[in-house]
Amino acid sequence: MKSFRWICQGIFLLVTFLLLTGCGSSTAPEDGDIPVGLDIEKLTNFSIKLSWIHESTGTDTIFYQVARKSGTANWVENYVILESDVHELIDYIPTSDSLVYAYKVRYYNSTLGLTSAYSEVIAYFSEYTYPTDMLITQVSQSAMEISWQDHCQGEEGYVVDRKVNDEEWENGYILLAPNNWQITDNVNLFDTITYRVYAYVGNSVTGYLTKEHFATLLSPSGLSCTIPDLNKIRLQWQDNSEGEDGFIIDKKTGNLDWETNYCLIDSNTTTYIDDNLLPCGVLQYRLKAYKGVFLSGNSNIDTLSVNLEIIGSYPTSGSAYDIFIPVDNIFIPEWTAFISDGYEGLLILDCSNPSSPGAVANYQELWGDRTLSSFVKDNFVYVATQSLATAVGGIQKVDITSFQTPIISNVTETIGIPKDLYVEGDFAYLAEGANGMTIMYIASSIPVSVSNVPLNDARKIYVQENNGSVNAFVANGLNNGLEIIDVTDPYFPSQVASLPVSGLANDVFVQGDYAFLSNGEEGLEIIDISNLSSPVIIKNIATGGFTNGVYAEDNYIYISDIERGFHVIDISDPGNAYILGSLALDTEPVSIHLAGSYVYLTDNAGVKIIKIKP
C-alpha cells in the first residue's frame with residue numbers, strides 16, 4: 001500500500017512538471033490564437049447557423065465554448081460546448097423577433113486546462129429590429145433634431161453617420177448607448193444633410209435607415225385669416241426666420257389649383273391685407289420665407305369661408321320636400337317661404353328675419369296625404385299632393401289673399417305622382433314620374449289637364465320663355481338625363497331633344513344658353529342649349545357626393561348635396577366652371593331656392609338658411 005501511494009505521488013509531480021514546462025506538443029493559448037471568421041446565417045423562420053474558423057495543432061483535446069446573449073439578458077457563457085472538429089452551431093430561435101441574439105466563441109484546451117479569449121461578437125438582427133420612421137426637424141436655422149423608432153431589444157447602441165452635400169460619409173459620426181433614438185446636430189444654413197442610422201452589436205448591424213434634409217429658413221407659423229370688413233381679408237403669421245429677403249404668399253380659391261407666388265411681402269413682416277371680390281366661397285392661404293433662390297417650408301394652411309354659414313333654421317314637423325319663395329309678389333309679404341312638408345301639409349314661414357324664421361300658417365286640409373311641391377303666382381299657391389290610399393296625385397289651387405282664411409279649390413287628380421310643378425302664364429307644368437309631363441290649364445277655378453308627354457321618370461321641371469317660344473326642361477330620372485319639350489302651344493307639346501346621361505337626373509335649372517342638371521352621384525352637368533335641338537354637355541363637376549337640388553343666378557350655381565351638404569359653383573366661364581366653396585351639413589338637403597342674399601334648403605330636419613352674399 002505504501003509503494004502504491006508513492007507511485008501516485010510520482011505521477012502527480014510528473015503531470016505538474018509537464019504543465020509548468022510545456023513539454024511535449026501541448027501549447028498554451030496565445031492572444032491571436034482564437035476562433036475567427038465568425039458568421040451567422042438564417043436557415044428557417046426558426047433557426048440560424050453560426051460558423052467560425054479555427055485550426056488546432058498538436059494532440060491536445062480541444063473544445064469550443066459558445067456563449068449566447070438574448071435581448072437584454074446576461075451572457076450565458078457555456079451555452080453550448082462542441083468538440084474540436086465541429087466549427088458550426090445550429091441554434092433554434094424565432095427569426096422574426098425584435099430580440100437581438102448575440103454570440104461569441106472561445107476554445108478550451110482540456111489537456112492544459114487553459115481557455116482562449118473570446119472571438120468577436122456577432123448577432124442576428126431580424127428585419128423587425130431595424131430602426132424606422134426617421135423624422136428630421138429643423139429646430140433653428142443652425143440645428144436639426146433627428147429621431148427614429150427604436151425596435152431593438154438587446155442592441156449595444158446606435159450609430160449615426162452623416163454626409164454634408166456631396167462630401168464623403170462621416171462614418172460613426174455619433175455613437176449612442178442602447179435605447180437612445182434622438183440626437184440634435186449643428187448644421188450650416190442651405191446645406192443638404194443626409195443621415196443614416198443603424199443599431200449594432202459587435203460587428204453586426206441592422207439595415208440602414210437613411211433620410212436627407214435641406215437646412216433652410218424656418219417656416220412661418222400660426223397663419224390665421226380674418227375678414228375685417230366686407231371686401232378685405234387680413235392674414236397674420238409668426239416670423240420664425242432670420243435674414244430672409246421676404247415672404248411668398250400662395251392662395252387657393254375653391255377647388256382650383258394653388259395660385260403660387262400670389263404676392264411677395266417684405267422681410268420682417270407679419271401681416272398682409274388681401275382684397276376680396278367674392279360674394280361667397282372658400283379661400284385658403286399659405287406662405288413661406290425666401291432668401292435669394294432658397295425657400296423655407298410652407299406655413300400651416302388657413303381656410304376661410306366667405307359668407308358661407310348657416311344663419312337660421314326651422315325644424316318642420318314633417319318631411320320637407322320642397323321650398324318656394326316668391327319674389328316681387330305684391331300679394332304676398334316679402335321673404336315668405338312655402339314649404340311642402342309631406343304628411344304635415346303646406347307650411348308658410350316668415351323669413352324676414354333669416355336668423356329666426358317663424359311659422360305664419362299651416363294648411364293641412366289639402367287633398368291626399370303628402371304635400372310634395374308648390375308654386376306661387378299672384379295671390380294663388382298651386383299645390384301638388386299625393387294620396388297613398390289611391391296611389392295617385394292631385395293639384396289644388398289655393399287663394400291666399402288671407403293666409404289665415406285660405407280658399408282651397410277642389411282637387412284635380414293626376415294619373416302619376418306630381419313630384420314637381422312649375423307655373424308659367426295660364427298653365428302649370430307637372431313632373432309626374434312615370435306618367436311623364438302633364439300640362440294643366442289653371443286660369444279656371446279648378447286646374448284642368450290639357451296634354452301629356454310620356455317620359456320615364458319626370459322628377460323636376462323648369463320652364464323658360466325665349467323670343468316667343470316656351471320650352472320645358474325636365475330632369476328625367478335614372479340614366480335618362482335631360483328632356484327638352486316645346487310647350488309654346490300647351491295643348492300640343494312636342495319633344496325637341498333628349499340627352500340621356502348616366503346618373504340620376506334629380507333637378508334642372510336653366511339660365512340663358514345653359515341648362516344645369518343635378519345628376520346624383522355624377523355631380524353637376526353643364527349643358528349648352530344654344531341649339532335646343534342638339535344640347536351638348538360642356539362640363540361635368542363631380543362633388544364626391546349625391547347632388548339633388550340646383551339653382552342658378554348670374555355667375556353662380558347653388559347645389560344641395562345629400563352627402564356633402566351645400567356647394568357654390570362659379571360658372572363665369574361655363575366650360576371651366578369649378579366649385580368655389582362648400583359647406584358641410586350634418587343633415588341631408590333635398591331641394592334648394594335662392595332669394596336675396598340667402599339660400600334656403602329643405603332637408604330631413606326642416607329648413608336651413610345659408611348666407612351667400614354680403
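The values are calculated or read from the model by the stated rules, or taken from the named source; none is laboratory data. Fair warning: this is a prediction, and the values are worked out from it, not measured in the lab. Glycine also receives a Cβ, built like all others from the backbone with ideal geometry; neighbour counts cover every protein chain displayed.
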Worksheet item: Got at least one residue in the range 13-33 being surrounded by 14 or more Cβ atoms within 10 Å (Cβ to Cβ), modelled with pLDDT of 50 or more and within 49 Å of the chain's Cα centre (by Cα)?
Response: no
Practice prompt. Output the residues belonging to the range 113-167 that are of a type in the set (Gly, Ala, Ser) and in contact with a Lys or Arg (Cβ under 8 Å, 6 or more places away or on another chain).
Written response: Ser116, Ala117, Ser119, Gly154
Worksheet item: Has the range 342-349 got any residue that is small (Gly, Ala, Ser), within 27 Å of Met437 (Cβ to Cβ) and surrounded by 24 or more Cβ atoms within 10 Å (Cβ to Cβ)?
Response: no
Worksheet entry | In the range 433-487, the residues that are more than 22 Å from Glu413 (Cα to Cα) and among the acidic types (Asp, Glu) | Glu465, Glu483, Asp486
Fill in: Residues of the range 455-483 satisfying the condition of being crowded, with 23+ Cβ neighbours inside 10 Å and of a type in the set (A, V, I, L, M, F, W, C)
Leu455, Ala458, Ile461, Ala472, Phe473, Val474, Ala475, Leu482
Practice prompt. Look at Glu168 and say whether it is out of contact with any Asp or Glu (no Cβ under 8 Å at 6 or more places or on another chain), buried (at least 16 other Cβ atoms within 10 Å of the Cβ), part of a loop (DSSP other than H, G, I, E, B) and not hydroxyl-bearing (Ser, Thr, Tyr).
Written response: no
Worksheet item: Any idea which of (1) out of contact with any strand residue (DSSP E or B) (no Cβ under 6 Å at 6 or more places or on another chain); (2) surrounded by fewer than 13 Cβ atoms within 10 Å (Cβ to Cβ); (3) among the charged types (D, E, K, R) is the one Asp239 doesn't satisfy?
Response: (2)
Worksheet item: In the range 532-556, how many residues are at negative phi and either within 25 Å of the chain's Cα centre (by Cα) or assigned by TED's automatic domain parsing to the domain that holds Gln464 (or both)?
Response: 9
Worksheet entry | Which numbered condition Gln138 fails, given (1) modelled with pLDDT of 95 or more; (2) surrounded by 19 or more Cβ atoms within 10 Å (Cβ to Cβ); (3) not aromatic (Phe, Trp, Tyr) | (1)
Discussion item. Criterion first (in contact with a Gly (Cβ under 9 Å, 6 or more places away or on another chain), assigned to a loop (DSSP other than H, G, I, E, B) and either over 13 Å from Phe375 (Cα atoms) or not assigned by TED's automatic domain parsing to the domain that holds Asp507 (or both)) does Ile417 satisfy it?
Written reply: yes
Practice prompt. Of the conditions (1) in contact (Cβ under 8 Å) with a residue 40 or more places away in the chain; (2) touching a helix residue (DSSP H, G or I) at 6+ places or on another chain (Cβ under 8 Å), Ile538 clears all except one; give me its number.
Written response: (1)
Worksheet item: So how many residues does the range 527-544 have that are surrounded by 20 or more Cβ atoms within 10 Å (Cβ to Cβ) and in a loop (DSSP other than H, G, I, E, B)?
Response: 3
Item to complete: Just need a number here: residues in the range 177-219 that are crowded, with 18+ Cβ neighbours inside 10 Å, aliphatic (A, V, I, L, M) and more than 11 Å from Ile146 (Cβ to Cβ).
Response: 5
Worksheet item: Are any of the residues in the range 391-406 in contact with a Leu (Cβ under 9 Å, 6 or more places away or on another chain), basic (Lys, Arg) and either buried (at least 18 other Cβ atoms within 10 Å of the Cβ) or part of a loop (DSSP other than H, G, I, E, B) (or both)?
Response: no
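Could you pull out the residue among Thr184, Thr206, Thr210, Thr192 that is in contact with a helix residue (DSSP H, G or I) (Cβ under 8 Å, 6 or more places away or on another chain), β-branched (Val, Ile, Thr) and assigned by TED's automatic domain parsing to the domain that holds Tyr158?
Values: Thr184 fails: in contact with a helix residue (DSSP H, G or I) (Cβ under 8 Å, 6 or more places away or on another chain); Thr210 fails: in contact with a helix residue (DSSP H, G or I) (Cβ under 8 Å, 6 or more places away or on another chain); Thr192 fails: in contact with a helix residue (DSSP H, G or I) (Cβ under 8 Å, 6 or more places away or on another chain).
From the options Thr184, Thr206, Thr210, Thr192, the qualifying one is Thr206.
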Fill in: Matching residues in the range 220-239 - criterion: being farther than 16 Å from Lys288 by Cα, touching an Asp or Glu at 6+ places or on another chain (Cβ under 9 Å) and hydrophobic (A, V, I, L, M, F, W, C)
Ile233
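For the range 357-374, enumerate the residues that are hydroxyl-bearing (Ser, Thr, Tyr) and within 19 Å of Asn604 (Cα to Cα). Before you say what the answer is, go through the steps one by one.
Narrowing the range 357-374 to residues hydroxyl-bearing (Ser, Thr, Tyr): 363, 371, 373-374.
Of everything in the range 357-374, those that are hydroxyl-bearing (Ser, Thr, Tyr) and within 19 Å of Asn604 (Cα to Cα) turn out to be Thr371, Ser373, Ser374.
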Discussion item. Looking at Gly342 and the list (1) on the phi < 0 side of the Ramachandran plot; (2) free of Cβ contacts under 8 Å to residues at least 60 places away in the same chain, which single condition is not satisfied?
Written reply: (1)
Worksheet item: Wholly within the range 246-337, which strands (runs of 3 or more DSSP E) include no fewer than the required count, namely at least 2 residues that are touching a residue at least 40 places away in the same chain (Cβ under 8 Å)?
Response: 246-253, 271-275, 281-291, 302-306, 309-315, 322-324
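Which is free of Cβ contacts under 8 Å to residues at least 60 places away in the same chain, under 30 Å from Glu242 (Cα atoms) and not charged (D, E, K, R), of Val139, Val86, Val76?
Details: Val86 fails: under 30 Å from Glu242 (Cα atoms); Val76 fails: under 30 Å from Glu242 (Cα atoms).
On inspection, the qualifying residue turns out to be Val139.
Within the range 552-566, track down each residue that is of a type in the set (S, T, N, Q) and in a strand (DSSP E or B). Quick ask: steps written out before the conclusion?
Going residue by residue through the range 552-566, those that are of a type in the set (S, T, N, Q) are 555, 560.
Scanning the range 552-566 gives a single hit, Ser560.
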Fill in: Selection from the range 573-614 of residues that are more than 17 Å from Asn353 (Cβ to Cβ), part of a strand (DSSP E or B) and either over 25 Å from the mean Cα position of the chain (by Cα) or aromatic (Phe, Trp, Tyr) (or both)
Tyr578, Ile592, His593, Leu594, Leu601, Thr602, Asp603
Worksheet item: Based on what the data block shows, is Ser70 at pLDDT 95 or above and within 30 Å of Glu244 (Cβ to Cβ)?
Response: no
Response to the item:
Log entry, pairs with first residue in the range 359-388 being farther than 21 Å from Met440 by Cα, second being outside any strand (DSSP E or B) and of a type in the set (Ser, Thr, Tyr), beta carbons closer than 8 Å, six or more apart or on different chains, reads Asp369/Tyr343
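Looking at the structure I just gave you, is Ser444 part of a loop (DSSP other than H, G, I, E, B) and in the same structural domain as Asp513 (by TED's automatic domain parsing)? Lay out the reasoning, then the answer.
Working: part of a loop (DSSP other than H, G, I, E, B): yes; in the same structural domain as Asp513 (by TED's automatic domain parsing): yes.
Taking the combined requirement at face value, the residue satisfies it.
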Worksheet item: Tally time: how many residues in the range 107-135 are surrounded by fewer than 16 Cβ atoms within 10 Å (Cβ to Cβ), within 21 Å of Trp52 (Cβ to Cβ) and not hydroxyl-bearing (Ser, Thr, Tyr)?
Response: 2
